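For reference, the structure is listed below as structure tokens.
The values are calculated or read from the model by the stated rules, or taken from the named source; none is laboratory data. A quick note: this is a predicted structure, and the numbers were derived from the prediction, not measured. Note: ideal-geometry Cβ built from the backbone for every residue, glycine included; neighbour counts use all protein chains shown.
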Amino acid sequence: MVTFVSPLQELYTVTCASAVFGYHGPDIPQHYDFQVCAERPGPVATTVGADLLVERGLEAMEEADTLLIAGWCGGPDVSVEVVEAVRAAHGRGTRIVAICSGVYLPAAAGLLDGRTAAIHWDLTADFARRFPRIRADKSVLYVDHRDVATAGASGTTIDLCLGQVRREHGAALAMRIGRQFSAPPHREGCQRQYPELPTAGPVPDSLAPLLDWITANLDRPLTIEDMAARTGMSPRTLSRHFVDQLGISPGRWLLDRRIASTRALLEETDLPIETIAKRVGLSSAVNLRRRFHNALDTTPASYRSSFRPTS
């Protein structure tokens, strides 16, 4: 897995990708080799005022199974050499993942012609003017065509990267990796962008202990009062903290986590639906099926069959 960086580089995207695809200690299987490359090896200016020392050039793209193009603040202008390197990588079967302004690269390479691309809401007008053959969608978090994926905002990097891990190695591993940095549950690309709200990323320290406790007690019939009592806050104050810091209510966060755990159990086990419902705190198979369909527009049985066809 190779991440391409360019001046002025925003490091958040790079660190998010490394958090997902990098080393997680001896207890979590490592399926990816994370590297960074630039058009020219050497120091690359970043937005934090310190250079990023990059040892590899464009030749690193020749070895990449996945090439993540990290968004940068220097604008959409890119060299012909970089565009050709990205086009050649795609031709060899490399998966291209473009974040925020990084979408200009696969667009310039012609990889998105006739397709939809997720665009940051602030870049949509310029992108549409430059690339009229691409359907620019500023409303969704990301669009994944498998060979090329685009994300509108830097905060979506974790969602897109964890989505790739989930597809390639299962939901259980994706959840284990996400818990390393307390990432919220994986969001689907069709969810809408809300630029005025905080994006997904590392959980604020003030909420991390509570979220860990909730995750460890999913089988319990938790209420907002239970969560508030755990923190010593009033239910109203806790709800305000969730919305301010995570962009969603405590109830929505809890349901998202229960759906995520359901998906992992459907993928990784042959447990009956009724058993899974009790393990994730959804009380009954009927309730689980209803909640699952509302969240993913499919049934638990159909979802499981796509991952465990012989079960």
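Go through 250, 209, 221 for me and flag whichever is of a type outside the set (A, V, I, L, M, F, W, C), at pLDDT 90 or above and surrounded by fewer than 16 Cβ atoms within 10 Å (Cβ to Cβ). Write out each step before concluding.
Values: 250 fails: surrounded by fewer than 16 Cβ atoms within 10 Å (Cβ to Cβ); 209 fails: at pLDDT 90 or above.
Matching residue, one of 250, 209, 221: 221.
Would you please name the residue that is surrounded by the fewest Cβ atoms within 10 Å (Cβ to Cβ), looking only at residues in the stretch 258-300 that are part of a helix (DSSP H, G or I) and of a type in the set (S, T, N, Q)?
Taking the stretch 258-300 as the starting set, the residues that turn out to be part of a helix (DSSP H, G or I) are 258-268, 273-279, 285-296, 300.
Adding the requirement that they be of a type in the set (S, T, N, Q) leaves 261-262, 275, 287, 294.
Working: 261: 22, 262: 27, 275: 13, 287: 12, 294: 10.
Selected residue: 294.
So which residues in the stretch 126-161 are without any contact (Cβ under 8 Å) to a residue 40 or more places away in the chain and of a type in the set (D, E, K, R)?
Those that are without any contact (Cβ under 8 Å) to a residue 40 or more places away in the chain and of a type in the set (D, E, K, R): 129, 133, 135, 137.
Would you pick out the residues in the stretch 259-309 that are at positive phi and in contact (Cβ under 8 Å) with a residue 12 or more places away in the chain?
Going residue by residue through the stretch 259-309, those that are at positive phi are 281, 283, 297.
Listed by number, the residues that qualify are 281, 283.
Which condition number in (1) free of Cβ contacts under 8 Å to residues at least 60 places away in the same chain; (2) under 30 Å from residue 169 (Cα atoms); (3) under 22 Å from the mean Cα position of the chain (by Cα); (4) crowded, with 18+ Cβ neighbours inside 10 Å is the one that residue 123 fails?
Tallying (1) free of Cβ contacts under 8 Å to residues at least 60 places away in the same chain; (2) under 30 Å from residue 169 (Cα atoms); (3) under 22 Å from the mean Cα position of the chain (by Cα); (4) crowded, with 18+ Cβ neighbours inside 10 Å, residue 123 fails exactly one: (2).
Against the conditions (1) charged (D, E, K, R); (2) out of contact with any helix residue (DSSP H, G or I) (no Cβ under 9 Å at 6 or more places or on another chain); (3) in contact (Cβ under 8 Å) with a residue 12 or more places away in the chain, where does residue 51 fall short? Just the number, please.
Answer for residue 51: the failing condition is (3).
Look at the stretch 135-177 and say how many of its residues are out of contact with any strand residue (DSSP E or B) (no Cβ under 7 Å at 6 or more places or on another chain), on the phi < 0 side of the Ramachandran plot and not in a helix (DSSP H, G or I).
Of the residues in that region, 4 qualify.
Within the stretch 96-112, can one find any residue that is farther than 18 Å from residue 6 by Cβ, assigned by TED's automatic domain parsing to the domain that holds residue 34 and either over 16 Å from the mean Cα position of the chain (by Cα) or not hydroxyl-bearing (Ser, Thr, Tyr) (or both)? So that I can check it myself, show each step before the final result.
Applying the first criterion (farther than 18 Å from residue 6 by Cβ) to the stretch 96-112 yields 110, 112.
Retained after the next criterion (residues that are assigned by TED's automatic domain parsing to the domain that holds residue 34): 110, 112.
Going one step further and asking which of them are either over 16 Å from the mean Cα position of the chain (by Cα) or not hydroxyl-bearing (Ser, Thr, Tyr) (or both), we end up with 110, 112.
The answer is yes; a qualifying residue exists.
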